[in-house]
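Read-outs: derived from the displayed coordinates by stated rules, not from any lab. On a predicted model such as this, the values are computed, not experimentally measured, just so you know. With ideal geometry, Cβ positions are generated from the backbone for all residues, glycine too; neighbour counts draw on all protein chains shown.
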Amino acid sequence: MSAERDQLICNARECFKKIEDTAWITCCSHIFCAQHGKEIKLRQATSPGCPACGSRFRNESDLVERKLNHSLQFRALLLCGYSPELVMEIANNAITFWNFQKHQVCSNLERKVEYYRETIATLKRKLTQEKGEAEGKILRLEQQLEQTKSRMAELNEAAASLTRDRRGELSRKDRCEKKHRTDDFLF
Ligand SMILES: [Zn+2]
Ligand SMILES: [Zn+2]
């Protein structure tokens with residue numbers, strides 16, 4: 001497992017910063033980055049609670065600052081002097097804390113995945129509905145276009161027919177006039 005995957009993430013809302021050298025740890029199993037931990041500590045006088053779950057801090061040890069960059073030897077020395085049972089209990093508590101944090105990360109990711117799935121499903125439904133509406137509009141417009149074309153063809157045909165009739169009439173009138181002129185000349 002890489003060191004990258006082993007880091008915990010600040011539990012402050014919208015922070016998601018990876019915990020580096022300094023961590024602020026609460027009695028309710030939450031962890032905060034250096035910046036948010038200091039802010040929570042400063043707010044203790046007016047708002048003594050965990051911003052992640054609302055648990056109230058009653059003792060100094062309910063919110064503690066921890067340095068995570070100590071050497072392995074130093075960390076091992078911290079446990080020296082305790083009975084094996086106590087060392088095991090401390091280790092068990094630390095592992096439970098770690099697992100709780102990882103479980104939270106998984107739950108958050110699952111919620112995000114579910115949220116994006118629902119968003120995609122909603123968008124798909126909306127797109128399908130809009131596609132149906134657009135196809136309906138296209139169909140109606142195509143029908144209107146065909147009707148307009150058909151009407152235009154009828155009007156063109158009527159106009160051509162009128163022109164032909166008019167020309168025929170003029171031609172007949174012209175022939176009649178010529179005939180009259182010839183008759184006048186003969187008499
Ligand atoms: Zn933070
Ligand atoms: Zn908490």
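A few notes on this one:
- Inter-label distance for ARG75 and THR182, nm, one decimal - labels placed 7 Å from Cα along Cα-to-Cβ: 12.7
- In percent, rounded to a whole number, the relative contact order of the range 1-69 is 34, using alpha-carbon pairs under 8 Å and six or more apart.
- Label point distance in nm, GLU118-ARG58, each placed 7 Å from Cα along Cα→Cβ: 3.7
- Helix 84-186 and the longest principal axis of the Cα set of the chain meet at an angle near 10°.
- Estimated FRET transfer efficiency (ALA45, ALA94; beta-carbon r; R0 25 Å; 0.05): 0.25
- Relative contact order, percent, the chain [alpha-carbon distance under 8 Å, six or more residues apart]: 14
- Comparing Cα centroids, the range 87-157 and the range 1-67 end up 36 angstrom apart.
- Sorting 53-60, 7-14 by their mean Cβ neighbour count within 10 Å, with the most densely packed peptide first, gives 7-14, 53-60.
- Highest-MSF residue in the chain out of HIS36, HIS103, HIS70 [GNM, Cα springs under 10 Å]: HIS70
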